1. So what is the calculated 222 nm ellipticity per residue for the chain, using -39500 (n - 2.57) for each DSSP H run with n of 4 or more, over all residues, to the nearest 500 deg cm²/dmol?
2. Measure out, as a whole number of angstrom, how far apart the alpha-carbon centroids of segment 410-466 and segment 31-52 sit.
3. Could you tell me, in Å, what Rg and Dmax come out for the Cα atoms of segment 374-463?
4. Suppose a student asked you for the relative contact order of the chain, using Cα pairs under 8 Å spaced at least 6 residues apart; what percent would you report?
5. Pairs of Cα atoms under 8 Å, at least six residues apart: use those to get the relative contact order of segment 374-463, whole percent.
6. Please rank 189, 447, 40, 424, fewest neighbouring Cβ atoms within 10 Å first, as an exposure proxy.
7. Relative contact order for segment 196-328 using alpha-carbon pairs under 8 Å, separation at least 6, rounded to a whole percent?
8. Using the alpha-carbon atoms, what tilt in degrees (0 to 90, nearest 10) does helix 308-340 show relative to the longest principal axis of the chain?
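A short reminder: the numbers here are calculations on the coordinates, not readings from a lab. The shown structure was predicted, so the numbers you read here are calculated from the model rather than taken from an experiment. Cβ atoms come from the backbone with ideal geometry, glycine included; neighbour counts cover every protein chain shown.
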């Protein structure tokens, strides 16, 4: 056994729970669940996870019962992630690293379930809508400016948090702050699961440099807000992730597997949805998937005298299996560099042939599916919806002396969104007053980004007078 690497993985697979101030032994339970099984169950039973049933994956407010939502996408990614984790664990055993392979599978599966939990309504278009609203409403932060309702940010990083609003950072916040918000650590997931779902363990502003597309993959986006920075730092240090600069960490090795599961599912499954909706010819869909499946030499497509559903099912299963094998191979080849924090490439792209095939699929899906007229119309409406809701609620919360309309809007915001760990504050205005302007604005984005697509549209119509409550 390689004792040094085994010890490293014991730290990476720590079952220490976020917000817990002392190390504890795992509790014995009659059903023999591991601490990571509990993480999986906590995610499934959380209200934030349930809301994904009405959040856009690719096709917003779809009239088809077949089309995937963020919920079904997350479940499918979790299945792929479990396979990736278990196979990667077996690969570590071959390298003489003592790990429990099924445990890795559970961690990756749990992280995949939660990887999109922070996405706002209307998917990436919703992120862009929040970013646009902040840039339109508040000028860029300049040092020395007074913090008030007109400019609620005390630092550039606070401004960047929302001007570059990021669903990954919101996901970290939901798991560790907003669920069970009366205590430190929220639902208190294990640090291993949180580390595995943290694809971008960095803040919105990098020390002394700009974020670029050609930079390290772990810095492509950011993974936590300033309001959550101390908590994030505690988690990543507990895992022993390399801290390259203050608050800038390397990825957890299992985060590469979570990313791979997401890459596989969104490429293959979004292509399938586009075919089912008639946006891409089914012959093209099956052919593209079969080309990926042929990465495994023994794949045999169904083409003669079969229905589309049967051919598609074989092609999809073959493509997913082939990509899992490719990514597990890439993980085994690069895991030592991941442990050292020096690997900065997605597993799919590190396999040139597989990466090129997925790029082609993504390009076709974007052109014929993502940029479909109906999708673009609804995404444009989503801009107006989220921007309109922020226009209403943000001034009401930022005002020190709210007017009559703002007082009514405050009453519509759930009191729970203004709570912090510690004594529960029953007076809404006092709960708001104890927060600084940046924290108040985060409460509003917490509320709006947590909405489902349908609820956001319904609420905006009602508050705009377009549609009155029944």
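1. So the helix-based figure for the chain works out to -17500 deg cm²/dmol.
2. Each part's Cα centre sits 25 Å from the other's.
3. For segment 374-463, the Cα radius of gyration and maximum Cα-Cα distance read 14.0, 48 Å.
4. Details: 743 pairs, mean separation 89.4, N = 470.
Over the chain, the number comes to 19 percent.
5. On the way: 52 pairs, mean separation 32.6, N = 90.
Once normalised by length, the contact order is 36 percent.
6. Values: 189 29, 447 20, 40 23, 424 11.
Ordered from fewest to most neighbouring Cβ atoms within 10 Å, 189, 447, 40, 424 come out as 424, 447, 40, 189.
7. Details: 144 pairs, mean separation 27.5, N = 133.
For segment 196-328, the relative contact order is 21 percent.
8. For helix 308-340, the angle is close to 80 degrees.
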